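Peer 1: Quick one: this structure, given as structure tokens, is what I'll be asking you about.
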Amino acid sequence: SSEEITPIRVKKIGHVVFNVSDVERSTKFWTEIMGFKVSDVNERGMVFLRNASDHHTIGLFPSNSDKGQPEPDQVAFNHCALEVGSVSELFKIRDFLKARRVPILYEGRRGPGCNPGVEFTDPDGFQIELYASMDQIGWEGDSRPAEQWSRAGSLEEVLEKPIPGVAYD
């Protein structure tokens, strides 16, 4: 065919950078709540945070604006999703966030991908999702049929209504 197939083969999402209104406050959130470590701070005050061996997974860039987040229906960054090891970790995470008064927007299981999760915001209102047990796509390349999505409105409901072929810890 005359259409060229892209040579791009992304291995993973490398990092997400947020423009934040208060770098110190956001750094505190990402270290004390999210468990990241600071790798570096550059000459412009940008903070680079890591969760594993990559130099950074999250970047915090000092913004000159305190206008806040756009309306939900406007073109904007939507959310940053980070995988954790298990559904049982999500229960501990939910309790930890509540104890730290971090506003939880959603918990449960939404649909495609069937990944249970907890969604909340950082101090600037950026939405963060922590999830576990994302469906994997096999060799045939087919996703789970839509009738198996089985949305759940809480982590407890995730365990009460498991997805076919998925065993939660």
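The values are calculated or read from the model by the stated rules, or taken from the named source; none is laboratory data. The model shown is predicted, which means the values in this text are computed figures rather than measured ones. Using ideal geometry, Cβ is built from the backbone for each residue, glycine included, and neighbour counts are taken over all protein chains shown. The area values use the complete protein model at the heavy-atom level, side chains included, leaving out ligands, DNA and RNA. Shrake-Rupley method; radii C 1.70, N 1.55, O 1.52, S 1.80 Å.
Peer 1: I'd like the full set of residues that are farther than 20 Å from residue 168 by Cβ, of a type in the set (A, V, I, L, M) and open to solvent by 50 Å² or more (accessible area, probe 1.4 Å), limited to segment 121-152.
Peer 2: 146
Peer 1: If you don't mind, another one. Hey, can you tell me all the residues within segment 111-120 that are surrounded by 17 or more Cβ atoms within 10 Å (Cβ to Cβ) and of a type in the set (Gly, Ala, Ser)? Lay out the reasoning, then the answer.
Peer 2: Step one: list which residues in segment 111-120 are surrounded by 17 or more Cβ atoms within 10 Å (Cβ to Cβ), which gives 113-120.
Matches in segment 111-120: 113, 117.
Peer 1: Do we find that residue 131 is of a type outside the set (A, V, I, L, M, F, W, C) and in contact with a Pro (Cβ under 7 Å, 6 or more places away or on another chain) in this structure?
Peer 2: Yes; evaluated as a whole, the condition is true for this residue.
Peer 1: When you go through 111, 138 one by one, which is the residue that is more than 13 Å from the chain's Cα centre (by Cα) and farther than 28 Å from residue 18 by Cβ?
Peer 2: On the way: 111 fails: farther than 28 Å from residue 18 by Cβ.
After ruling out the rest, the residue left standing is 138.
Peer 1: Let me spell it out: the conditions are (1) part of a strand (DSSP E or B); (2) over 20 Å from residue 78 (Cα atoms); (3) open to solvent by 40 Å² or more (accessible area, probe 1.4 Å), and residue 39 meets all of them except one. Which number is the exception?
Peer 2: Residue 39 satisfies every listed condition except (3).
Peer 1: Something else about it: Return the residues of segment 153-169 that are among the acidic types (Asp, Glu) and surrounded by 12 or more Cβ atoms within 10 Å (Cβ to Cβ); say none if nothing qualifies.
Peer 2: 156, 157
Every residue, every condition in (1) touching a residue at least 12 places away in the same chain (Cβ under 8 Å); (2) among the basic types (Lys, Arg); (3) surrounded by 10 or more Cβ atoms within 10 Å (Cβ to Cβ); (4) part of a strand (DSSP E or B), yes or no:
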| position | (1), (2), (3), (4) |
| --- | --- |
| 12 | no, yes, no, no |
| 26 | yes, no, yes, no |
| 31 | yes, no, yes, no |
| 44 | yes, yes, no, no |
| 55 | yes, no, yes, no |
